[in-house]
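Computed from the coordinates by the stated procedures, all read-outs in this text should not be read as laboratory data. Everything numeric in this text was worked out from a predicted model, so none of it was measured. Here the Cβ is made from the backbone with ideal geometry for all residues, glycine too, and neighbour counts use every protein chain on show.
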Number of protein chains: 2
Amino acid sequence: MRNLKLTLSFLGTAYHGYQVQQNAVTVAGTLQSAITAVTGERVELKGCSRTDSGVHARAYVCSFRTASPIPCQKLPLALNSHLPPDIGVLSCEEAPPDFHARYSAKGKEYQYDIYNSPLRNPFYEETAWRFAPRLDEGKLNAWAGEFLGRQDFSAFRAAGGADIDPVRTLTRFTVTRRESLVRFQVEGDGFLYHMVRILVGTLLDLHQHKLPDESPRPILLSRNRARAGFTAPAKGLTLNRVFY
Amino acid sequence: MRNLKLTLSFLGTAYHGYQVQQNAVTVAGTLQSAITAVTGERVELKGCSRTDSGVHARAYVCSFRTASPIPCQKLPLALNSHLPPDIGVLSCEEAPPDFHARYSAKGKEYQYDIYNSPLRNPFYEETAWRFAPRLDEGKLNAWAGEFLGRQDFSAFRAAGGADIDPVRTLTRFTVTRRESLVRFQVEGDGFLYHMVRILVGTLLDLHQHKLPDESPRPILLSRNRARAGFTAPAKGLTLNRVFY
């Protein structure tokens, strides 16, 4: 059996997340049908993460075992002809037998985009969340820096995640602006359930003085989800890259 | 009567161009209905250009006369609440009585985006045209430079335009690449009917050796539309800015 690694790009708006679910249209379910159409096989897809409903990805990685002899360079085009326009396979590679899209991942990079205006811009409606009050990206960027390094992120995880260990290491967390677009970029060895969205929501709540704290540090140290801010909406979040 | 200048952003995919038409959904027709809903008036919109069906705009300018007392800073939000997500009013300003979105324009900037890959990327499906053969952006950029200055663009206009004079001055025409995205950026004092799309199509046809000529110069000098290349599809074209 070959072990194939696929990289895909998708707009998550129309999907109930990545993971296959009964009675819901998901990215993995849609991809699985395309793989069946091309190879004639019913395969089991291993995804690099369970992205939430509405979250996008520029380079999502998944893997599956197959007996199909179709060469790697032909598979993306063949799969794309069976996929809707909001999912595209970018590449296919032969992977070592023990490669697993999730467990082999050494890290990930996410971005969260905010269109910082009371007025919508159609070019950003699908991939950015609109937030009207003017944001001070310098202040947000300084706060984001407080999360860097190896930390216990218990305060920034939603109930329901499968991970037991709440410790993660962030190697980058920056906030930058280009005109009305404010971009949060975060890179780390792994992320807890809803972690990026809660980090962004907490920075926004601090910025709007909606929390008793004046910086993220005491919230992080509390390890208490109730001390952190809201979960920013899925539509602004994009998985940019997975590192192996 | 006040003369108001509106700047809007729209994704043109769902529209039969900007200009109002009987029995077709257009950007101006949709905006006119929103203005009527907000002001109670039936106004006449003057647009900065007749964009084709499927063409997008980041900052389209139009103007209209109104007796409504609604202040400029309230109008964009009010109009947006009556507009679909693919059209957004970005700003509103009081304009001098003789301001006309089209005749007062001193120049425009367009971009044409090509996603240069056989494989689709959902993030670019709506605003870029996919073109599979690998493009040499250095060669395209050098050719684009041959169009700069004051020229007779008769070879690069479609039949049906209202303009009589075929002479236009281009002050910028560059081709750059960022990963798989190849961007044509062109700025000039005005553009003939389909001109940007025929310029792009001609550069692509030259690149693919589909024309007897080896550079755009003889085609430009011929002033003969039959010597130029195809009309690149509307979906890759975006009006970026209008200069006044």
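Per-residue answers, yes or no, for (1) assigned to a helix (DSSP H, G or I); (2) surrounded by 18 or more Cβ atoms within 10 Å (Cβ to Cβ); (3) not small (Gly, Ala, Ser):
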| residue | (1), (2), (3) |
| --- | --- |
| B:Tyr193 | no, no, yes |
| B:Ile198 | yes, yes, yes |
| B:Leu203 | yes, yes, yes |
| B:Arg217 | yes, no, yes |
| B:Asn240 | no, no, yes |
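Can you give me the number of residues within the stretch A:1-34 that are under 23 Å from the mean Cα position of the chain (by Cα) and not in a loop (DSSP other than H, G, I, E, B)?
Total meeting the criteria: 20.
Could you list all residues from the stretch B:112-170 that are more than 14 Å from every other protein chain (Cβ to nearest Cβ) and among the small types (Gly, Ala, Ser)?
Residues satisfying the conditions are B:Gly138, B:Ala142, B:Ala144, B:Gly145, B:Gly149, B:Ser154, B:Ala155, B:Ala158, B:Ala159, B:Gly160, B:Gly161, B:Ala162.
Being within 9 Å of chain A (Cβ to nearest Cβ) and in contact with a helix residue (DSSP H, G or I) (Cβ under 7 Å, 6 or more places away or on another chain) is the requirement here; does B:His56 meet it?
Yes: the conditions hold for B:His56.
Residues that are surrounded by 15 or more Cβ atoms within 10 Å (Cβ to Cβ): which strands (runs of 3 or more DSSP E) entirely in the stretch A:45-161 hold 3 or more of them?
A:56-66, A:87-95, A:107-115
How many residues does the stretch B:162-189 contain that are more than 16 Å from B:Glu109 (Cα to Cα) and in a strand (DSSP E or B)?
5
For the stretch A:1-53, enumerate the residues that are touching a residue at least 24 places away in the same chain (Cβ under 8 Å), more than 22 Å from A:Ala67 (Cα to Cα), away from chain B (no Cβ under 14 Å) and of a type in the set (Gly, Ala, Ser).
Within the stretch A:1-53, A:Gly17, A:Ser49, A:Ser53 meet the criteria.
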